[in-house]
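The values are calculated or read from the model by the stated rules, or taken from the named source; none is laboratory data. Treat the numbers as computed from the prediction; the structure is a model and nothing was measured. Every residue, glycine among them, receives a Cβ derived from its backbone with ideal geometry; neighbour counts consider all protein chains shown. Surface accessibility is based on the protein's heavy atoms, side chains included, excluding ligands, DNA and RNA. Shrake-Rupley method; radii C 1.70, N 1.55, O 1.52, S 1.80 Å.
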Amino acid sequence: IAFSGISAAPRVNFRLGQSTISLKQPGGETWLKLAGLTGATSAKGAEGTLTNASGAISAVPLLVDQASGRWRYGGGVLALDAPSAQVRDRAINRRFEPVMARSVHLALKQGVITGKAVLAHPPNGKQLALLSLTHDLSSSRGNAVLDVPKLVFGDDLQPEALTPLTLGIIANTGGAITGKGNIRWSSAGVTSDGVFETDGIGVSAAFGQVHNIKGRIVFDDLLGMTTPPGQMVTIGEMNPGVSVKDGVIRYQLLPEQHVQVEGGQWPFAGGELFLEPTMLDFSKPSNRIFALTVKGLDAAQFIQQFDFKNFAVTGLFDGRLPLVFDAHGGRIVGGRLVSRKEGGTLAYVGEVSDAALGGAGKMAFDALKSMKYN
């Protein structure tokens with residue numbers, strides 16, 4: 001204790017080694033572990049440094065560790081500032097990968113903890129979201145808000161780097177999302193929700209490349225990544241073997257990485273293509289099975305997609321195309337297209353050399369110029 005004058009307040013320097021502070025609360029325990037702490041008192045309060053701190057707030061599903069920085073106490077407020085820390089999921093089966101927290105600020109005043117930080121991707125420091133939280137120690141109630149002004153996916157960041165829940169569902173993601181998520185907790189448990197949207201994103205999925213996805217997704221459990229029914233996206237182009245454009249898909253995300261496809265619809269070759277409802281299980285490797293209903297397919301427009309310059313076809317078709325996608329790609333199994341009763345024509349309109357084919361061959365190709373079917 002050093003005195004600089006009789007009227008001056010004493011200054012006390014102190015140091016703590018490895019320490020743990022805990023507070024039992026309804027629904028859990030709030031705790032703080034320190035590798036080391038230094039401090040000094042003054043007339044205004046106290047301040048100092050802390051090293052390699054980690055901690056959790058009762059029911060909050062987040063764990064903060066690897067935090068080193070400065071602390072101070074004065075005017076009834078205990079504050080902590082750390083340049084960086086790590087945020088991890090406390091669940092046994094993690095729902096998100098560890099992320100970096102930059103510019104961490106925590107404060108305790110009148111029994112209420114408030115905090116804010118910038119969340120970033122650890123390998124490259126790319127900003128992911130802004131985090132703010134509040135927790136009332138007396139009631140064990142609080143909430144955290146995740147604000148995503150603009151998150152861009154590309155070569156330097158893919159969804160599976162943030163959460164294992166998308167692994168095996170989508171890949172090669174490119175584009176931006178914006179939105180906001182909320183996590184609330186109390187002694188009764190944890191709830192979360194959020195709303196995110198994109199004005200154009202592309203992915204590789206089980207059924208091929210998908211481009212220019214636009215839409216809004218509402219989560220009723222953000223941490224578990226589930227949604228209410230009736231989610232909808234528009235798709236600029238999808239190619240499960242044949243390109244289809246300007247489609248709409250309705251779906252619901254269910255627990256345990258299940259997706260309920262409620263249906264889809266595209267204009268297709270002068271007619272319409274409908275995706276039938278199906279349930280997809282992404283929790284384990286399995287075949288993805290879809291079925292497409294075809295209505296009013298115009299054979300002429302369909303053939304044009306394949307650039308068959310020597311064929312002319314007319315006629316309208318309806319049918320059903322069951323699709324199976326597995327590790328080897330996609331294929332149609334048991335598909336059937338049926339011509340409408342008026343039928344149509346098939347004609348070979350290319351040039352044929354008489355010398356190359358001879359008389360019989362020429363007769364065969366002449367016949368192909370005026371074939372009718374029903």
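If you go through segment 240-272 and keep only what is of a type in the set (S, T, N, Q) and open to solvent by 40 Å² or more (accessible area, probe 1.4 Å), you end up with Gln257, Gln260, Gln265. Annotation note: of Ile183, Ile177, the sole residue that is part of a strand (DSSP E or B) and open to solvent by less than 20 Å² (accessible area, probe 1.4 Å) is Ile183. All of (1) crowded, with 19+ Cβ neighbours inside 10 Å; (2) under 30 Å from Gln305 (Cα atoms); (3) not β-branched (Val, Ile, Thr) hold for Leu222 with one exception: (2).
Yes or no, residue by residue, for (1) open to solvent by 20 Å² or more (accessible area, probe 1.4 Å); (2) among the aliphatic types (A, V, I, L, M); (3) not in a strand (DSSP E or B):
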residue	(1), (2), (3)
Arg102	yes, no, no
Leu106	yes, yes, no
Thr114	yes, no, no
Pro123	yes, no, yes
Ala129	no, yes, no
Ser132	yes, no, no
His135	no, no, no
Ser138	yes, no, yes
Gly142	no, no, no
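None of Ala269, Ala205 is of a type in the set (Gly, Ala, Ser) and over 30 Å from Asp155 (Cβ atoms) except Ala269. So for segment 298-308 (the condition being small (Gly, Ala, Ser), open to solvent by less than 30 Å² (accessible area, probe 1.4 Å) and assigned to a strand (DSSP E or B)), does at least one residue qualify? Within segment 298-308 (the criterion being small (Gly, Ala, Ser), open to solvent by less than 30 Å² (accessible area, probe 1.4 Å) and assigned to a strand (DSSP E or B)), the answer is no, since none of the residues qualifies.
Within segment 186-219, the only residue that satisfies the criterion of being part of a strand (DSSP E or B), of a type in the set (A, V, I, L, M, F, W, C) and open to solvent by 60 Å² or more (accessible area, probe 1.4 Å) is Val190.
The single condition among (1) in a strand (DSSP E or B); (2) over 24 Å from the mean Cα position of the chain (by Cα) that Gln252 does not satisfy is (2). If the condition is being open to solvent by 60 Å² or more (accessible area, probe 1.4 Å), assigned to a strand (DSSP E or B) and either aromatic (Phe, Trp, Tyr) or modelled with pLDDT under 85 (or both), then segment 343-374 contributes only Tyr373. Scanning segment 227-235 turns up no residue that is of a type outside the set (A, V, I, L, M), in contact (Cβ under 8 Å) with a residue 24 or more places away in the chain and part of a strand (DSSP E or B).
When segment 147-164 is limited to residues that are touching a strand residue (DSSP E or B) at 6+ places or on another chain (Cβ under 9 Å) and open to solvent by 40 Å² or more (accessible area, probe 1.4 Å), the one that is farthest from His211 (Cα to Cα) turns out to be Asp147. Please identify the pairs in which a residue from segment 161-184 that is under 23 Å from Ser286 (Cα atoms) has its Cβ atom under 6 Å from the Cβ atom of a residue that is of a type outside the set (Asp, Glu) and in a strand (DSSP E or B), counting only partners at least 6 apart or on another chain. What qualifies is Ile170/Val203; Ile170/Ala205; Ala171/Ser204; Asn172/Ser204; Thr173/Phe153; Thr173/Val203.
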